[in-house]
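The values are calculated or read from the model by the stated rules, or taken from the named source; none is laboratory data. Note that the structure is a prediction, hence the values are computed from the model and not measured. Here the Cβ is made from the backbone with ideal geometry for all residues, glycine too, and neighbour counts use every protein chain on show. Areas reflect the complete protein model, heavy atoms only, side chains present, ligands, DNA and RNA absent. Shrake-Rupley method; radii C 1.70, N 1.55, O 1.52, S 1.80 Å.
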Amino acid sequence: MTILETSALNTVQDLGRPGYRNLGVGTSGVMDALALRVGNILLGNKIDDACIELQTYPFVLRLDAPASLVVTGIDADIEIDGRAILPWMVETVAAGQVLRVGAPRTGARGYICIAGGIEVPVVLGSRSTQLRGGFGGLDGRPLEAGDTLKTTGTTLDVAGYGALPPARVLDAVACGDDAKVIHLRAMPATDYELFTPESRRRLWDAAWRITPQSNRVGYRLSGAPLELRHRVELRSYGVIAGIVQVPPAGEPIVQLADANTVGGYPRIATVIEADLWRLAQARIGTRIRFHECSFAEGVAAMRPVDAYLDDLRMMVARYRASARCRAGIKSGDKA
Amino acid sequence: MKNDVARDTRAAPTISMIGTRAMLFEAPGDFTMAHQRRIWSLMDAAQARPDVCELIPGVTNLMLIFAVPPESPHDVADWLRHAWDTLPERHIEGRLFEIGVRYGGELGGDLAAVAAHAGLPPEEVIAIHHGSEYTVCAIGSAPGFGYLHGLDPRIATPRKTVPSLNMPAGTVTIGGMQAGISALTGPNGWNSIGYTDITLFDPRKQPPALFAIGDRIRFYPESIAP
């Protein structure tokens, strides 16, 4: 496929690059891992096949060979040669056709998933672009118009099926009636008790605004500063996606996919893994509320996510089997 | 604190959950090489645990990342505490790197601030900096960045309140009691005192990082700018 139109910061990503954090190499990978998993399940891909992560729009590409694809993560105007298609639905596209993804109506990051995955060299165990290190993905950089990407995949013999978006299936924490506030569950972290009681209360009570200084590295939040009981100079410690750090100015930062592996600011809380996709889809300017949760609640919160993916796997297998049966394709035949 | 497995006195380690799949072990006491060598031992022992999928050694601390949330964080914490109390220090015979530094000037722009904080003239800060031998305690933050032990406490300087937005790779830095050489160009909250040309990370090499834990570093002045 050839990229015809793109703007800043659209990259090739997979589920990330584990195993090199002890050398300072962050995991990278998609911000919304749930959206990529859904795309890969729908297409019968390996779960960690690579996709194109979109953060800026419009994005236009031409398929130079027939392909099956699905766009997940967002709701947006998506067209193939001017014909509207739905997000979260598998489509088969002929050679020469043009896919256009417009600005999202809901969500922030779109994922173009292709049967067979995006084929770029595996660097240190992953196809994800490491922007800071300048490696992985396509030459370690964001995509540009004129770039070509390959896939090893062929078209699927059935299309026209899809997934219900996670936002429709997975309940957010039930509270408040302002749809513009995103609710995230978080566990108090190592330095929670070092903050003043008033600041601890405010962490949970305030609606924090996502500032424009937010990107794949982390989201900077604005609100009344959180204060430590006394100043501390911490020794550098390991960082993972979801950790909420508070720099001296007092406004929290949620570290995300491109975070440094190690940091030194006080840690007040950690957004649980089950809610990280909600943050990945939160736009600049929206407000977020943190809800305190325990370890057990954080673990339990993954169950509906896992069940959603398991159901999807089963549904896709059944749909494809019955569609093939109707079409008289013997099992084991390739399209 | 709800999610703290153990939080207590100065003599005991602090162990806390960071989300559901990561646990942080922090050694009590000062930033000493003895403590860091025990962290290295703990890292080796934790590597052998089947539930651990990744380890991030820090400065007198260690983060364990689990493949799935641990059944009982308390059991893992007990195991860590026992290992900490019983394991011997791990001595690593590291390589010695001798690194020339262009001290001061534009690329060492915080030298004056470090000197002011230390209450010493810049020349003395420089002499103290290259007068010590440093040990790579941990690699992290950016690809290939080494956290160095061995900084003379006289020139220890807190991280900056407002980070530099675009500090070049190769900047020789001080962050609190830690010393370093920045591995990538980008935002950085440490104090810059000089510059060197070495490349700390190359993803095409095996291993990709120039430094490994236990390596030793000596700096020498290539030039000194006012």
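Some observations on this one:
- Per-region count, the stretch B:86-119, residues assigned to a loop (DSSP other than H, G, I, E, B) and either open to solvent by less than 40 Å² (accessible area, probe 1.4 Å) or in contact with a helix residue (DSSP H, G or I) (Cβ under 7 Å, 6 or more places away or on another chain) (or both): 10
Table: residues versus (1) touching a Leu at 6+ places or on another chain (Cβ under 6 Å); (2) of a type in the set (A, V, I, L, M); (3) within 18 Å of B:E98 (Cα to Cα).
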position: B:I126; (1), (2), (3): no, yes, yes
position: B:C137; (1), (2), (3): no, no, yes
position: B:A142; (1), (2), (3): yes, yes, no
position: B:L151; (1), (2), (3): no, yes, yes
position: B:T157; (1), (2), (3): no, no, no
position: B:T161; (1), (2), (3): no, no, no
position: B:S164; (1), (2), (3): no, no, no
position: B:N188; (1), (2), (3): no, no, no
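- Strands (runs of 3 or more DSSP E) within the stretch A:218-300 that include 2 or more residues within 12 Å of chain B (Cβ to nearest Cβ) and within 26 Å of B:A138 (Cα to Cα): A:243-245, A:253-255, A:267-271
- Taken over the stretch A:301-318, the criterion of being open to solvent by 70 Å² or more (accessible area, probe 1.4 Å), within 14 Å of chain B (Cβ to nearest Cβ) and in contact (Cβ under 8 Å) with a residue 12 or more places away in the chain is satisfied by no residue.
- Filtering the stretch A:63-90 to residues that are more than 24 Å from the chain's Cα centre (by Cα) and on the phi > 0 side of the Ramachandran plot leaves A:D81, A:G82.
- Test: residue in the stretch A:185-203 that is over 30 Å from B:W190 (Cβ atoms) and part of a strand (DSSP E or B): yes
- Residue list for the stretch B:189-216, filter: open to solvent by less than 30 Å² (accessible area, probe 1.4 Å), within 11 Å of chain A (Cβ to nearest Cβ) and touching a Ser or Thr at 6+ places or on another chain (Cβ under 9 Å): B:G189, B:W190, B:L200
- Against the test of being away from chain B (no Cβ under 14 Å), of a type in the set (A, V, I, L, M, F, W, C) and either open to solvent by 30 Å² or more (accessible area, probe 1.4 Å) or out of contact with any Pro (no Cβ under 9 Å at 6 or more places or on another chain) (or both), the options A:A84, A:A76 yield a single qualifying residue, A:A84.
- Contacts under 7 angstrom Cβ, first residue in the stretch B:154-170 being in the same structural domain as B:W190 (by the TED database), partner acidic (D, E) and surrounded by fewer than 16 Cβ atoms within 10 Å (Cβ to Cβ), 6 or more apart: B:P158/A:E233; B:G170/B:D197
- As a summary of the residue check, B:R38 satisfies the conditions (1) open to solvent by 70 Å² or more (accessible area, probe 1.4 Å); (2) over 23 Å from B:R218 (Cβ atoms) except for the one numbered (1).
- Options A:A159, A:A186, A:A167; residue that is among the aliphatic types (A, V, I, L, M) and at pLDDT 95 or above: A:A186
- Qualifying residue in the stretch B:135-146 (condition: surrounded by fewer than 23 Cβ atoms within 10 Å (Cβ to Cβ) and not assigned by the TED database to the domain that holds B:R38): yes
- Of the listed requirements (1) surrounded by fewer than 19 Cβ atoms within 10 Å (Cβ to Cβ); (2) part of a loop (DSSP other than H, G, I, E, B); (3) more than 13 Å from every other protein chain (Cβ to nearest Cβ), A:R209 misses just one: (2).
- Residue check for A:I52: within 18 Å of A:G29 (Cβ to Cβ), outside any loop (DSSP other than H, G, I, E, B) and of a type in the set (V, I, T): yes
- Scanning the stretch B:171-188 for residues that are surrounded by fewer than 22 Cβ atoms within 10 Å (Cβ to Cβ) and not aliphatic (A, V, I, L, M) yields B:G176, B:T185, B:G186, B:P187.
- Residue selected from the stretch A:284-321 under the condition basic (K, R) and modelled with pLDDT under 95, by the criterion nearest to B:I18 (Cα to Cα): A:R318
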